[in-house]
Amino acid sequence: MMRTRNLFLLAIGALCAAFCALRANPDQAPSCASLFTVAAYAQDDDPFGDDAFDEDGDAADSDAEDPFGAAPTSDPFAPSAIPSAEPAAAPAAPVPAAPADGEETAAASDDPRAQYLRPEDVPDELKTEDDFIKTANPVERAILGRNPTNSAELFSAAASVARVGRPLFAKMLAEKALQAPDASPEDAAKILDELGAGRATYFVAMPEASPAAAQAYEKVLASARQSWESEKTIRDAIARASGDVISDQAAAILDLRRGGSAAVSLLVSDLLSGDG
């Protein structure tokens, strides 16, 4: 087919040249045989040859000589062969196993204070002794500055904090008083005298501090009674009651009253024996 088209084009060119020559010089017009000879010569001297435009030739030979022949089996421009410009993704870190519902609930219940960042943010119901101390107001710090250690000192501190500070802090101090060693009878009696019956009663009656307040008071009171009911204290009170200073007489009568039945028994014994 390619050969036929080439011959046709050459024949057309030769006819056009002959026509032009005939018009210019009719005597020198080439013959039809010479025109076909020229066309045949031109076809033989075709620089492109038959193979350049041969569509019926061997496909394998054409592909071998054609630099732009069939694509290789491994296409370097295939999407899978083009390297990606994006960085390689890092391997995913292993995800820790989520705790079971029971374990998570148990962990939360073990430390309910974990959700609070500062001691002052922790509710009083969850505060530890260290939290109360860190957030103490000036009066509470002054009371704790006495460094209470035994049961009587801790109870006195608790009753004082209850009047000027936080009831739950006072309750915690009362609970410590229950676990602290007993004060000596003389110290317990002296501390209760300094505290005063009013403040002790106020603390014991406070709903937020019960029952620790009442239990701590009974513990301290038991130690103080050993001093109030001792023969030495009662005889000292009898001697002061017979003095001339009215304030001393009033204090002595109060001591005899706190001596209770022990003071009455000693007075009756003295009357019967004639002493006094």
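Below, the figures for the structure above:
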| read-out | value |
| --- | --- |
| Charge dipole (debye, nearest 20) of the range 146-222; +1 at Cβ of Lys and Arg, -1 at Cβ of Asp and Glu | 300 |
| Mean Cβ count within 10 Å, highest first, over the residues of peptides 125-135, 210-220, 254-264 | 210-220, 254-264, 125-135 |
| Lysines whose Cα lies under 22 Å from that of residue 176, excluding same-chain neighbours fewer than 8 positions away | 127, 134, 190, 219 |
| Cα point-scatterer Debye curve for the range 231-273, base-10 log of I(q)/I(0) at q = 0.16, 0.19, 0.32 Å⁻¹ | -0.36, -0.50, -1.08 |
| Approximate spin-label separation residue 146-residue 115, in nm, with each point projected 7 Å along Cα-to-Cβ | 3.9 |
| Relative contact order of the range 192-276, defined on C-alpha pairs under 8 angstrom at six or more residues apart (%) | 21 |
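Readers should treat all values here as calculations from the given coordinates under stated rules, not as data from a laboratory. Treat the numbers as computed from the prediction; the structure is a model and nothing was measured. Glycine gets a Cβ as well: all are built from the backbone with ideal geometry, and neighbour counts include every protein chain shown.
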